[in-house]
Amino acid sequence: MSTSDAAVAEHVARIDADGFTILEGAIDAELVAAVRDAIRRVETELDVQPKGTQAEGIATKRMYNLLVKDPVFAALPVHPAVLPIAEGMLDRGLLLSGMTAMDIGPGERAQPLHGDDAVMSRHLPPPHPPLVVTTLWAFTDFTADNGATRFVRGSHRFAATPDRPGALDGHEIECFEAPAGSVMVLHGSLWHGGGANATADEWRCGVNVQYCAGFVRQQQNPYLGIAPEVAAAFPDRLLELLGYRLYKGIMGHVDGRSPGEVVFGERMAETAYRDAEARGARSMVGDHGGGAPA
């Protein structure tokens, strides 16, 4: 499944209005099975256990840095049904902020509601334009009983944060109940959280693929977390999402060169300022009317 320009516009408008959109049947059954099997296999190989924190859960197996754990995970950040919507919310210079597998087990309690951009709230009080876009991928059926993600529609427009006393009063908490293969795309400010798993033996398996604006620090560090010899096998678009290109022709350079040129040579070569100007694009400085630096 891919997403047309018209469909992208519809999804972006829906996210702007409600804080989220849902794509049912976004990923085919073969990829669903391959990702789910990889998660369960790696959990066993690495003996993944619940981390026991309020955010990460007492009965949830979480895994970070998925791109180094199995090649199948590389299909998710660049998926043609999902990436164009994230690009529509941010821009093509967006970054992959992180990927996390979340296998919610029986007995798990509800995660506190939060926005994924909460770390920015001190410097950028809500509401504000999206700086983070989160995509939640269902690799098993999500139900209210097994831990489906809970959320408050429209909360990306609230001036408060959900941890303030009384913030939830009068607001309906909904659940992302959907069959495996569905994806929920949400504005980073939307209040949401994993649900409680009240079943006896069901595990709710999902993956969080999170993007951020190109000038925002990524949550999971790919430069130290992914060895260059592993990253070299990724397609160019995935390397761009990891930050090996320059943002707006300037941000992220190493002595005037793109990180990708430093690591991979000519394949990802780009020179700060010069190449953007040759393409007729304005650099970050030019975008703000400052012209070239002295």
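Answer yes if at least one residue in region 103-112 is crowded, with 21+ Cβ neighbours inside 10 Å, of a type in the set (S, T, N, Q) and touching a Phe, Trp or Tyr at 6+ places or on another chain (Cβ under 8 Å), and no otherwise. Within region 103-112, none of the residues are crowded, with 21+ Cβ neighbours inside 10 Å, of a type in the set (S, T, N, Q) and touching a Phe, Trp or Tyr at 6+ places or on another chain (Cβ under 8 Å). Looking only at residues in region 216-260 that are among the charged types (D, E, K, R) and closer than 25 Å to Met120 by Cα, the one that is farthest from the chain's Cα centre (by Cα) is Lys248. For Val254, the criteria (1) over 21 Å from Ile27 (Cβ atoms); (2) surrounded by 20 or more Cβ atoms within 10 Å (Cβ to Cβ); (3) not small (Gly, Ala, Ser) hold in every case but one, which is (2).
All of Ala55, Ala9, Ala26, Ala33 fail the test of being loosely packed, with under 15 Cβ neighbours inside 10 Å, under 17 Å from the mean Cα position of the chain (by Cα) and not hydroxyl-bearing (Ser, Thr, Tyr), apart from Ala55. Only residues that are touching an Asp or Glu at 6+ places or on another chain (Cβ under 9 Å) and hydroxyl-bearing (Ser, Thr, Tyr) were counted across region 15-72, and they come to 2.
From the list Ser182, Ser121, Ser97, the one residue that fits, being closer than 29 Å to Asn221 by Cα and modelled with pLDDT under 95, is Ser121. Checking each residue in region 122-143 for being surrounded by fewer than 22 Cβ atoms within 10 Å (Cβ to Cβ) and within 19 Å of Ala101 (Cα to Cα) picks out Thr140, Asp141, Thr143.
Scoring Gln49 on the criteria (1) within 17 Å of Val185 (Cβ to Cβ); (2) free of Cβ contacts under 8 Å to residues at least 24 places away in the same chain; (3) in a loop (DSSP other than H, G, I, E, B); (4) not aliphatic (A, V, I, L, M) leaves a single failure, condition (1).
The set of residues in region 245-259 that are over 14 Å from Gln218 (Cβ atoms) and not in a loop (DSSP other than H, G, I, E, B) comprises Val254, Arg257.
If the condition is being crowded, with 16+ Cβ neighbours inside 10 Å and part of a loop (DSSP other than H, G, I, E, B), then region 174-197 contributes Phe176, Glu177, Ala180, Gly181, Ser182, Gly188, Ser189, Leu190, Trp191, Gly194, Gly195, Ala196.
When region 1-46 is filtered for residues that are more than 19 Å from Asp141 (Cα to Cα), in a helix (DSSP H, G or I) and among the β-branched types (Val, Ile, Thr), the ones remaining, listed by number, are Val8, Val12, Ile15, Val42, Thr44.
Counting the residues of region 195-206 that are in contact with a strand residue (DSSP E or B) (Cβ under 6 Å, 6 or more places away or on another chain) and not basic (Lys, Arg) gives 7. All conditions in (1) surrounded by fewer than 17 Cβ atoms within 10 Å (Cβ to Cβ); (2) over 26 Å from Gly52 (Cβ atoms) hold for Val119, with the sole exception of (2).
All of Glu266, Glu202, Glu261 fail the test of being outside the structural domain of Gly115 (by TED's automatic domain parsing), surrounded by fewer than 19 Cβ atoms within 10 Å (Cβ to Cβ) and not small (Gly, Ala, Ser), apart from Glu266.
Of all the listed residues (Ser155, Ser182), the sole one being hydroxyl-bearing (Ser, Thr, Tyr), under 19 Å from the mean Cα position of the chain (by Cα) and farther than 23 Å from Pro80 by Cα is Ser155.
The values are calculated or read from the model by the stated rules, or taken from the named source; none is laboratory data. Just so we're clear, the structure is a prediction, and the values are computed from it rather than from any experiment. In this analysis, Cβ positions are derived from the backbone assuming ideal geometry, glycine residues included, and neighbour counts consider all displayed protein chains.
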